[in-house]
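Nothing in this text is a laboratory measurement; each read-out follows from the coordinates by a stated rule. It should be emphasised that the depicted structure is a prediction, and the values quoted were computed from it without experimental measurement. All Cβ positions, glycine included, derive from the backbone under ideal geometry; neighbour counts span all protein chains shown.
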Amino acid sequence: MTALLEVKNLEAAYGQTKVLHGISFSIEVGGITAILGANGAGKTTTLRAVCNMVATKGEIVLGGKRIEGLATEDIVRLGVAHTPDGRGTFVQLSVDENLRLGGYARADKAAMLADIDRMYALFPRLGERRWQQAGTLSGGEQQMLAVSRALMLRPKLLLLDEPSFGLAPLLVREIFRTLRQINKEDKVSMLLVEQNAALALDLADHAYLLETGRVVMSGTAAEIKNDDNVRRSYLGY
Amino acid sequence: MDAFLHQVVAGLATGGIYAAVALALVMIYQSTHLVNFAQGEMAMFSTYIAWAMIQEGMPYWIAFVLAVAISLVGGIAIQRFIIRPVSNASVLTVVVVFIGLLAIFNAMAGWFWSHTIKVFPSPFPEKPVFGKLISNHEMGTLGVTLVVLILLYVFFKYTPLGLAMRAAAQNPISSRLVGVRVSWMLALGWGLAAAIGAIAGMMVAPIVYLDPNMMGGILLYGFASALLGGIDNPWGAVLGGFIVGVLENVLGAYVIGTELKLTVALVIIVAVLTVKPSGLFGKVIVTRV
Amino acid sequence: MKIDNRLLALAAIVVACVLPMFLRNFQVFQLTLAMVYAIAILGLTMLTGFNGQISLGHGAFYAIGAYTAAILMDRFGVPYWATLPVAGVVCLVAGFLFGLPALRLEGLYLALATFALGTALPQLLKYKLIEGWTGGVQGIVIIKPDPPFDLPISQDRWLYYFTLFVLLVMFVIGQNILRGRMGRAMVAIRDQPMAAAAMGVDTAMVKSLTFGISALYTGVAGALGAIVIQFVAPDSFNIFLSISFVVGMVIGGVGSIAGAIFGGLFIQFVPNVAEAVSKSAPWAIYGIFLIVFMFIMPGGMAAFFKLIWTKIGGKV
């Protein structure tokens, strides 16, 4: 299987503070890769680095093409959708407008509008609130909106930053079920950052463990899940 | 009673001009948190361009449209080349650059077309249609202003580009994440503001006559209107413009005479900033320590 | 060989004292005006450079000082030199009072409010109700003072030395204020207002006081200016005067005391030269210089000269 995204020796810094010290990982086409680690390990920074939202050094290759240094909006237009931490909802705009913005970069306008209806089918709760101001939605609904907005791009690669954060378990299961469905049906590759290791390892097929900006372990999700150290430190048993 | 009604209606007409200027100011403020001190001089310069074209024999409305188009492009250019490089600098730096623009436009107008006062034609017929209530030009100004406001509303609410501009102003980071080219949206915002300013200038010039210092007082009213309505609220700015226009006329006719009108604008500005900085309809900003 | 900064200042003063002997009356008059503007710009740079409060309306305090002097001399026969302290006090109070509501305004909004003040001022000065005092549109004409003790020099030269004296006194006092506790409080508020307040600096008092002192300086300059030009009228105190002070401050160097002198010289002499080309040239030059300086030389001429001075071995 070919790699959709290949990252080699990625370093990243906020001003003078270096956060990533040369990490390497890859995602296969149609695969789901999880990046695990404690708070401050550099998980969010990794996603931001892929989108050039933070100063970086190293190689980032998307579909055979080097993308480091490209403007964020140009990387997005290559098919990379990013659900940021905090969700990045356009709080003053309506749910519908948020979704339309998700499809802004697409040339096929008619198909884009059809996709909006598809999102409402996937997440009926959003459909009920389609004209409501997005800032008035609950946390879970905003997360659904964030994922839908990203999917509106018909991305090749979906970057998800802590999709379970602050959500009730039932809702989280619903969202992750939908993610699995999208991955299978639309062949959307995913890079998933999660503090909730158990959840992530259930969804992903590969995983990397980050500690203070370095990869300390990598392998298939099954391997990682069965590792004693990981179980003790990150899975709690 | 007739006289009072006339003052109110005439106030609405000039209020339309203040609303346009205020709207231009708010558009730039919303996306950049900057107040364009040079807005008035840019509008004046656009008006001179229209005047020059009319002098060469061009029909009024063609000159009007061309002047608006030139202003649109000019506004975009100014944002790209002069404002964008300093957009992350200190407030003082940005304010100084705006004042520099003010000075340059004022000087260029005087250079190209001298300081002698010129007559700017009104496109509306001379013969009064509405009797003593309101002159044709005032009515026409009101009409043009309303058309512009409606067009802008439709643009921002129903077109993808308008949606992208609103998004870029509200949340630039998330906008990038959906592929919106935020810096071009900012430039377009400047272009639109310049275009609106040009329209305001061309509507007011027949009344106050065209000279390089024509827009100074009007800019002040624009500030007062924008602040009164809420500097981050476009509809507040528009409403503020109409309120200030009527207030100016009524106070001028019945309370303080016509000579202290600018002081009224000053008082409104200082009063709003000290008593309720977010204006009538703006959002209250809480600074987190 | 390291040259002391103070020796340089002394040399400058000596040159300033000797210069009028080589110049015609009119040129001496122009230099006097440059010094007047330097004092005005020093007032502005204290407020904006040291305390971070942006004023686009300092022409208003200049006007208040000018009109105070004119009214005292013309209506009440007060001697010219006595008008300066009065103008200073009047502007100190006016500035302090304006500074109080201005406390709530940050950066851009204060710039907006002062811009409004500067724009509205000429109209206010022409107001019918106060015409009895201000002379309305025509303004007030003052008689040029004679040198004291029947000194055998022209009125222009006397005023030059008088202004030079006032300038030196005010600059020395200004430097003492700015390098002392008050100055440090001002800078602390400019750079980190919340930290300054947390450390016990009475932010409100310092900011209002700074406004008052700044207005005092510009007001005294206004009084001097009125005496030197012998004339005050509303239209000479429009927004472009306020902007001229900003230009002088930026060219000289925001927050530089010596820079105020560069600034004064700049806004006095550049228009003279530029106007020969075109009536509009001065303001085109001002505008271009403002933008160019913000792009490539934000520290103004003072920073530029400091750079050269340190390179040739002077002690800063």
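Summary table
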{"quantity": "Peptide-level mean, for B:104-111, of C-beta atoms on other protein chains within 10 Å", "calculated": "6"}
{"quantity": "Charge dipole magnitude, Cβ of K and R +1, D and E -1 - chain B, Cα centre, debye nearest 20", "calculated": "920"}
{"quantity": "Farthest positive-ward along chain B dipole, Cα basis, beta-carbon charges - from B:Leu177, B:Val204, B:Val21", "calculated": "B:Leu177"}
{"quantity": "Top of B:Lys261, B:Lys132, B:Lys118 by mean-square fluctuation, Gaussian network on chain B, Cα under 10 Å", "calculated": "B:Lys132"}
{"quantity": "Model label zone, B:Trp184; criterion: amide N under 15 Å from point 7 Å along Cα-to-beta-carbon; scope segment B:137-178", "calculated": "B:160-166, B:168, B:176-178"}
{"quantity": "Efficiency of FRET from Cβ geometry, C:Lys311 and C:Leu129, R₀ 60 Å, rounded to 0.05", "calculated": "0.55"}
{"quantity": "Where trypsin sites (Lys or Arg not before Pro) in DSSP loops with at most 15 other Cβ within 10 Å are excluded, longest remaining stretch of chain C", "calculated": "C:105-278"}
{"quantity": "Label-to-label distance, nm, for residues given as C:Phe22 and C:Ile288 (7 Å Cα→Cβ offset)", "calculated": "3.0"}
{"quantity": "Residues C:Met73, B:Met214 arranged by fewest to most Cβ contacts within 10 Å", "calculated": "C:Met73, B:Met214"}
{"quantity": "Placed amide H near A:Glu211: partners under 5 Å, 5+ positions off or other chain", "calculated": "A:Val216"}
{"quantity": "Over chain C, relative contact order from alpha-carbon pairs under 8 Å, at least 6 apart, %", "calculated": "36"}
{"quantity": "Count, lysine Cα pairs under 26 Å in chain C, 8 or more residues apart or across chains", "calculated": "6"}
{"quantity": "Rel. contact order, % - alpha carbon contacts under 8 angstrom, at least six apart, segment B:2-214", "calculated": "43"}
{"quantity": "Dipole-positive endmost among B:Val91, B:Ala3, B:Pro160 within segment B:2-214 (Cβ charges, Cα centre)", "calculated": "B:Pro160"}
{"quantity": "Cα-projected label distance for C:Val169 with C:Asn5, points at 7 Å along beta-carbon direction, nm", "calculated": "2.5"}
{"quantity": "Set of lysines with alpha-carbon distance to A:Lys65 below 20 Å, sequence-local pairs under 8 removed", "calculated": "A:Lys8, A:Lys57, A:Lys156, A:Lys187"}
{"quantity": "Förster-model FRET efficiency, 51 Å R0, A:Ala111 and B:Ile150, C-beta, rounded to 0.05", "calculated": "0.95"}
{"quantity": "Neighbour-count order for B:Met27, A:Met217, fewest beta carbons within 10 angstrom listed first", "calculated": "A:Met217, B:Met27"}
{"quantity": "Prolate/oblate/rounded call for segment A:76-203, Cα gyration tensor, a/c under 1.5 rounded", "calculated": "oblate"}
{"quantity": "Distance from segment A:53-88 to segment A:1-32 (C-alpha centre basis), Å", "calculated": "11"}
{"quantity": "Cα centroid of segment A:148-168 to Cα centroid of segment C:83-144, whole Å", "calculated": "59"}
{"quantity": "Residues A:Lys184 and A:Glu59, FRET efficiency given R0 of 22 Å [Cβ-Cβ distance, rounded to 0.05]", "calculated": "0.15"}
{"quantity": "Sequence of B:Val9, C:Val273 once ranked by neighbouring C-beta atoms within 10 Å, starting from the fewest", "calculated": "C:Val273, B:Val9"}
{"quantity": "Lys, Arg +1 and Asp, Glu -1 on Cβ, resulting dipole of chain A about Cα centre, debye, nearest 20", "calculated": "220"}
{"quantity": "Gyration tensor (alpha-carbon) shape descriptor, segment B:154-289, a/c threshold 1.5", "calculated": "oblate"}
{"quantity": "Dipole in debye (nearest 20) - the protein assembly as shown, about Cα centre, beta carbon charges: Lys, Arg +1; Asp, Glu -1", "calculated": "980"}
